[in-house]
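J.: Sending over a structure as structure tokens; questions will come in a sec.
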Amino acid sequence: MTTLEAAVATIEAEGLDRFPYVIGDDHGSSTNALVLTQKDGVWTSFSTNERAGVEETSIRTYEDLSRALDDFLRLMRLRADEDALMSRIREKNRIAHETWQQSQNGRLDGA
């Protein structure tokens, strides 16, 4: 059974706090964040966009806090995995572009 304190400790220990997130009700101006909030006894998680609007397709609901926190941690980890993957892709693209530029420079030098 995951508690709020344990979830926050896990987020910090795993370095997931480098990604914007909100647990609670104060998410009105949070951009590109993962949010977990409670209303009328139901826990809801969702992502916000660059304008702090709710991404409707990201809305998930939970009956209890423990399940909500477990899924919230899973979503935070997925965000970290996505970030790592995108970093690798950007690095490969950078290397490919540099290689292409060098080949173009070689053609110009040899012409």
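J.: From the backbone phi of the stretch 50-58, what are the Karplus-calculated ³J(HN,Hα) couplings (6.51 cos²θ - 1.76 cosθ + 1.60, θ = phi - 60°) in whole Hz, Gly and Pro given as x?
T.: 5, 10, 6, x, 6, 7, 4, 6, 9
J.: Further question on the same structure: Let me check against my output: what whole-number percent is the relative contact order of the stretch 4-110, with C-alpha pairs under 8 Å and at least 6 apart?
T.: 18
J.: In terms of modelled amide H atoms, which long-range or inter-chain residues lie less than 5 Å from the amide H of HIS27?
T.: Placed amide hydrogens put nothing under 5 Å from HIS27.
J.: So, one more: Where does the charge balance sit around LEU73 when Lys and Arg score +1, Asp and Glu -1, over other residues with C-beta under 14 Å from its C-beta?
T.: Net charge around LEU73: -2.
J.: Another question, if that's okay. What shape does the stretch 1-50 take by its C-alpha gyration tensor, where a ≥ b ≥ c are the square roots of the eigenvalues and a/c under 1.5 counts as rounded, a/b above b/c as prolate, and the rest as oblate?
T.: oblate
J.: Please give the helix 65-110 orientation as an angle from the longest Cα principal axis of the chain, in degrees from 0 to 90, rounded to the nearest 10.
T.: Its long axis makes an angle of about 10 degrees.
J.: I'd like to know which of MET1, HIS27, GLN102 lies farthest towards the positive end of the charge dipole of the chain, counting +1 on Cβ of Lys and Arg and -1 on Cβ of Asp and Glu.
T.: Value: GLN102.
J.: Can you give me the three principal axis dimensions of the stretch 4-110 from its C-alpha atoms, in Å, biggest first?
T.: 72, 29, 19
J.: Nearest 500 deg cm²/dmol is fine: what mean residue ellipticity at 222 nm does the chain get from its DSSP H runs of n ≥ 4 alone, each adding -39,500 (n - 2.57), divided by its residue count?
T.: Dividing the helical sum by the residues of the chain leaves -18000 deg cm²/dmol.
J.: Helix 4-13 against the longest principal axis of the chain: what's the angle in degrees, Cα atoms only, rounded to the nearest 10?
T.: Roughly 20 degrees, rounded to the nearest 10.
J.: What fraction of the DSSP beta bridges in the stretch 1-88 is antiparallel, stated in percent and rounded to the nearest 5?
T.: Close to 75 percent.
J.: Can you work out ³J(HN,Hα) from phi for every residue in the stretch 24-31, in order, using Karplus 6.51 cos²θ - 1.76 cosθ + 1.60 and θ = phi - 60°, giving whole Hz and x for Gly and Pro?
T.: For the stretch 24-31, the Karplus-derived couplings read x, 9, 8, 10, x, 10, 7, 9 Hz, x marking Gly and Pro.
Every number in this text was worked out from the coordinates using simple rules, so none of it is lab data. Owing to the predicted nature of the structure, the values given are computational and were not obtained by experimental measurement. Reconstructed Cβ throughout: ideal geometry from the backbone, glycine too, with neighbour counts over all protein chains shown.
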